[in-house]
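Just so it is clear, none of the values below were taken in a lab; they were calculated from the coordinates. Because the structure is a prediction, the values reported are computed rather than measured. Using ideal geometry, Cβ is built from the backbone for each residue, glycine included, and neighbour counts are taken over all protein chains shown.
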Amino acid sequence: MHGTLNDQSLIYLQIAKMLEDDILRGVYQEEEQVPSTNELARGYNINPATAAKGINLLVADGILYKKRGIGMFVSQGAGEAVKQKRKAAFYDGYVKPLVKEGASLNLSGEELLAMVHRAIEEGEPL
């Protein structure tokens, strides 16, 4: 179990995100077992139902699956599924608002793209 909980978002969402992060970093490989709800509850000093809620989000997204009587495991293609989910969230949360703000400033598409390219050049490499 990696990461620490904070007060910035709901605990079960943080649990789900930490497991997704671990899948993306290769901490948990496809078909590998992830910590149980009880292990997560003990490790983060939270209610097991809260941990289960976070895990169930990942099951609903097809990132984890349950082996009856054994535990939860990383699904085939889970890393790619997490990437696609996060790309969609990035688009909705950052790109669309960026374009909307650019339109409110009467920026052309070319001007907006030039600003993005400049930010990439000034920032850290992708």
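Couple of notes before you dig in:
- Restricted to region 56-77, and to residues there that are assigned to a helix (DSSP H, G or I) and touching a helix residue (DSSP H, G or I) at 6+ places or on another chain (Cβ under 6 Å), the residue that is surrounded by the fewest Cβ atoms within 10 Å (Cβ to Cβ) is L57.
- Hey, V82 assigned to a helix (DSSP H, G or I), more than 15 Å from V34 (Cα to Cα), in contact with a helix residue (DSSP H, G or I) (Cβ under 6 Å, 6 or more places away or on another chain) and hydrophobic (A, V, I, L, M, F, W, C) or not: yes
- The combined condition, being assigned to a helix (DSSP H, G or I), among the β-branched types (V, I, T) and in contact with an Asp or Glu (Cβ under 7 Å, 6 or more places away or on another chain), is not fulfilled by V116.
- Summed over region 69-126, the residues that are at positive phi and in contact with a Leu (Cβ under 9 Å, 6 or more places away or on another chain) give a count of 0.
- Residue tally, condition in contact (Cβ under 8 Å) with a residue 24 or more places away in the chain and surrounded by fewer than 20 Cβ atoms within 10 Å (Cβ to Cβ), over region 15-25: 1
- A count restricted to region 1-37 and to residues that are out of contact with any strand residue (DSSP E or B) (no Cβ under 9 Å at 6 or more places or on another chain), assigned to a loop (DSSP other than H, G, I, E, B) and among the aliphatic types (A, V, I, L, M) stands at 4.
- Here region 30-86 is the region considered, the condition is being within 24 Å of N6 (Cβ to Cβ) and basic (K, R), and the residue that is nearest to the chain's Cα centre (by Cα) is R86.
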